[in-house]
């Protein structure tokens, strides 16, 4: 470091990566916070170590342990980033968020997760008009790539190189059923346990169905799917009526308010189904769009009633 407390040869991206890795001790957790891949964060840390000529983290199989140099660098890096944030905040304060935001969402998210966030955002920023574009799963990514919307909120089936994803909610597939269901009493449900039970899920080609079929084949289990629906919320309503157990993302149960249902995480293997902000990598989001994302993150982090 220089006498003035600066760190020569470094970038803000490297410093942000360093602070997040220091905080979380894991590259994957830092990557989620930074809209970056695991490998991109690793490269930034290596670049910073090369620029400073010192090792910042001791690598272990489970986590990263900060070195003495990292402990010394942290307050300097935080000060630099704090100064930059203060500068950005000053400019934002001169121009309150305004204009229009277009957000692509799939039907289930449009029905459950986003509307209360929009209402909360409207109360805070009445000068911004939020246009919700609900679309089928196969239209979700094309609408973002073609810039018909500013960004999307959803769970893409595959990673697309031209898109960035930032996780809003960490989620997984679960078996959802009434408490009287035989599998509801189990502490742990495996894919193999589902054999012989009447199941409800979405139609082939819809959202999570590909992941369900692929995982069932790998687990060598034949699923007895009695009902195929277009909307996950329909599957929950049918389960609440005792027509069978649903395979759906666990978060959906909390968002839809089916208090009579229980959710059991399906193991061996666990299938993740995170909900993310999805944006085009080479597109700079407006102040209004960035503010909406920040507002949504804060809203979702609130304790639930």
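The values are calculated or read from the model by the stated rules, or taken from the named source; none is laboratory data. For clarity, every value in this text was computed on a predicted model and none was experimentally measured. Here the Cβ is made from the backbone with ideal geometry for all residues, glycine too, and neighbour counts use every protein chain on show.
Values for this structure:
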| read-out | value |
| --- | --- |
| Residue 207 being part of a loop (DSSP other than H, G, I, E, B) and under 30 Å from residue 298 (Cα atoms) | yes |
| Given (1) over 28 Å from residue 302 (Cα atoms); (2) outside any helix (DSSP H, G or I); (3) not assigned by TED's automatic domain parsing to the domain that holds residue 292, number of the condition residue 158 does not satisfy | (3) |
| Pairs where the first residue, in the range 23-36, is closer than 20 Å to residue 171 by Cβ and the second is modelled with pLDDT under 85, C-beta under 6 Å, 6+ apart | 26/63 |
| Flag for residue 194 being buried (at least 18 other Cβ atoms within 10 Å of the Cβ), assigned by TED's automatic domain parsing to the domain that holds residue 226 and in contact (Cβ under 8 Å) with a residue 40 or more places away in the chain | yes |
| Residue selected from the range 46-61 under the condition exposed (fewer than 12 other Cβ atoms within 10 Å of the Cβ) and in a loop (DSSP other than H, G, I, E, B), by the criterion modelled with the lowest pLDDT | 61 |
| Single residue of the range 162-187 satisfying the filter (modelled with pLDDT of 85 or more and in a loop (DSSP other than H, G, I, E, B)) that is farthest from the chain's Cα centre (by Cα) | 180 |
